[in-house]
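Visitor: Shown below is the structure under consideration.
The values are calculated or read from the model by the stated rules, or taken from the named source; none is laboratory data. Owing to the predicted nature of the structure, the values given are computational and were not obtained by experimental measurement. Every residue, glycine among them, receives a Cβ derived from its backbone with ideal geometry; neighbour counts consider all protein chains shown. Areas reflect the complete protein model, heavy atoms only, side chains present, ligands, DNA and RNA absent. Shrake-Rupley method; radii C 1.70, N 1.55, O 1.52, S 1.80 Å.
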Amino acid sequence: MKSLIEQTLLDNYEKYYRIAYSYMKNEHDALDVVQESAYKAMKQWKKVKQEQYIETWIYKIVVNTALNVLKKQQKHSSYEESLITEPSYEENFEQHDDLISLLATLEEKDRTVIILRFFEDLKIEQIASIIGENSNTTKSRLYRAIRKLRLNADITSCSL
């Protein structure tokens, strides 16, 4: 099983990097997330009971690792900003001019569902397993997130 996990990591490295990059938005942090995720997967390989779930299990590790790193960065940057400067209210009115900016407007789980479904082409059942929800809840979350993206895109195009 350990060698199968290792092979899956090697075969799907680019997919895991894309997911990490979609969260981290820079190469260095995305590479760190993938490396940390690979380390966690190899360290916890005994937790996988069935071969067919290896890829989904690794996706879950990558997403959770990226979210954890983002939370740490936000705590750190919030603390630094409170010491150095006051928050800029102009940032709230910036226009969203690309999909990444639109995705950033979604809640974490909604963004994860969109990324895994449309960028990684995973099935609803796999996504549900990764985020720890049942398939129907995940499907509802997907459709709700799509509506939010469309609404935000329409608002952005009207303001141009």
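Visitor: For Ser78, all conditions in the list (1) open to solvent by less than 100 Å² (accessible area, probe 1.4 Å); (2) at pLDDT 70 or above hold save one; what is the number of the exception?
Guide: (2)
Visitor: Then there is this: Taking the conditions exactly as written (in contact with a helix residue (DSSP H, G or I) (Cβ under 9 Å, 6 or more places away or on another chain), surrounded by 11 or more Cβ atoms within 10 Å (Cβ to Cβ), small (Gly, Ala, Ser) and at pLDDT 90 or above), does Ser22 satisfy them or not?
Guide: no
Visitor: Next up: Identify, by number, the condition in (1) modelled with pLDDT under 90; (2) surrounded by 13 or more Cβ atoms within 10 Å (Cβ to Cβ); (3) over 18 Å from Lys15 (Cα atoms) that Arg147 doesn't meet.
Guide: It fails just one condition, (2).
Visitor: Under the condition of being out of contact with any helix residue (DSSP H, G or I) (no Cβ under 7 Å at 6 or more places or on another chain) and more than 18 Å from Phe119 (Cα to Cα), which residue from the range 7-19 is most open to solvent (accessible area, probe 1.4 Å)?
Guide: That would be Leu10.
Visitor: One residue is enough: does the range 49-59 have a residue meeting the conditions of a type outside the set (Ser, Thr, Tyr) and on the phi > 0 side of the Ramachandran plot?
Guide: No, because not a single residue in the range 49-59 is of a type outside the set (Ser, Thr, Tyr) and on the phi > 0 side of the Ramachandran plot.
Visitor: Can you tell me which residues in the range 31-60 are surrounded by fewer than 16 Cβ atoms within 10 Å (Cβ to Cβ) and modelled with pLDDT under 90?
Guide: Gln44, Lys46, Lys47, Lys49, Gln50, Glu51, Gln52, Tyr53
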